[in-house]
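The values are calculated or read from the model by the stated rules, or taken from the named source; none is laboratory data. What you see is a predicted model; the values in this text were computed from it and never measured. For neighbour counting, all protein chains shown are included, and Cβ atoms are generated from backbone atoms with ideal geometry for every residue, glycine included. Calculation scope for accessible area: heavy atoms of the full protein, side chains included, ligands and nucleic acids excluded. Shrake-Rupley method; radii C 1.70, N 1.55, O 1.52, S 1.80 Å.
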Amino acid sequence: MSSRKIPAATTAIVLAAVLTGCGNGGGTDEEQSEGGGGAEPQTLRMALGDPAASSVGVTADHFAEQVAERSDGSIEIENHPDGTLFGGDQNAAVNLLGNGTLDCTIISTSVYASFDPKMNAMSLPYLFDDDEQFSEYLQGEPGQELLDSLESEGIKGIQMLTRTPRHITNSVQAIEEPGDLDGITIRVPQNELWVDFFGSLGANPTPMDFTE
């Protein structure tokens, strides 16, 4: 692989996460920034599949702090890491979010791809040249289109996030080129794209939930 393609590969493996939640009342942005005009205080539970100390967990804590500050304390976000609110089954989390059982969550777009294949758009290998191009895609019209597509599942997408790159780890040998994956059994998310991709490189991809 050329040096130009290496960052593209790591960027393609970065899983964008979508911060989503059910609708939560009206009011203009100005009214909401002033604390909701005396609205009844409420607590929303944020379901996370990642550990509290992970980049997603830290981001969720920051989000909770910002919500509390900008709502003058009228909205509290309680973060629940490690998949405790959906039994570690992230596909179930999407269903629970859509029917209102969960208030909000941060879930990888590769999970949403099980419901809408368009969510695989930013996961295609070698699609982006670098992190800057990837961020522009997420913050631009394509990213907004993907967020809007969640409404078909009864979910309101708030923002796209990038997370730390996905690395390949194994107990057999260093992976320095595609041929090094030949014959290696590797855990992948439950997403057909990743099964097909690693399978085409000669690996034996095994879909498993993150908690497993």
Within the stretch 116-132, residues being open to solvent by less than 70 Å² (accessible area, probe 1.4 Å) and either closer than 25 Å to ASP209 by Cβ or not in a loop (DSSP other than H, G, I, E, B) (or both) number 7
Checked the stretch 157-179 for anything over 18 Å from the mean Cα position of the chain (by Cα) and either closer than 18 Å to TYR126 by Cα or loosely packed, with under 12 Cβ neighbours inside 10 Å (or both); matches are ILE168, THR169, SER171, VAL172, GLN173, ALA174, ILE175, GLU176, GLU177, PRO178, GLY179
If we keep only residues of the stretch 180-191 that are free of Cβ contacts under 8 Å to residues at least 24 places away in the same chain and surrounded by 17 or more Cβ atoms within 10 Å (Cβ to Cβ), then the residue nearest to GLY100 (Cα to Cα) is VAL188
By residue number, the members of the stretch 30-48 that are at pLDDT below 90 and open to solvent by less than 80 Å² (accessible area, probe 1.4 Å) are SER33, GLY35, GLY36, GLY37, GLY38, ALA39
Condition set touching an Asp or Glu at 6+ places or on another chain (Cβ under 7 Å) and open to solvent by less than 50 Å² (accessible area, probe 1.4 Å), scope the stretch 91-115, selection farthest from GLU192 (Cα to Cα): answer is GLY98
Does LEU147 meet the test of being in contact with a helix residue (DSSP H, G or I) (Cβ under 6 Å, 6 or more places away or on another chain), of a type in the set (A, V, I, L, M) and within 22 Å of ALA113 (Cα to Cα)? no
Residue match in the stretch 141-148 (condition: surrounded by fewer than 18 Cβ atoms within 10 Å (Cβ to Cβ) and assigned to a loop (DSSP other than H, G, I, E, B)): no
GLY100 vs (1) small (Gly, Ala, Ser); (2) in contact (Cβ under 8 Å) with a residue 60 or more places away in the chain; (3) outside the structural domain of MET46 (by the TED database): all pass except (3)
Expected single match for open to solvent by 40 Å² or more (accessible area, probe 1.4 Å), among the acidic types (Asp, Glu) and modelled with pLDDT of 90 or more among GLU136, GLU151 is GLU136
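Quick grid of which residues meet (1) at positive phi; (2) outside the structural domain of ILE155 (by the TED database); (3) at pLDDT 90 or above:
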{"site": "GLY26", "(1), (2), (3)": "no, yes, no"}
{"site": "ILE75", "(1), (2), (3)": "no, yes, yes"}
{"site": "GLY83", "(1), (2), (3)": "yes, yes, yes"}
{"site": "ALA93", "(1), (2), (3)": "no, yes, yes"}
Exactly one of LEU96, LEU102 is part of a loop (DSSP other than H, G, I, E, B), aliphatic (A, V, I, L, M) and over 14 Å from the mean Cα position of the chain (by Cα), and that one is LEU102
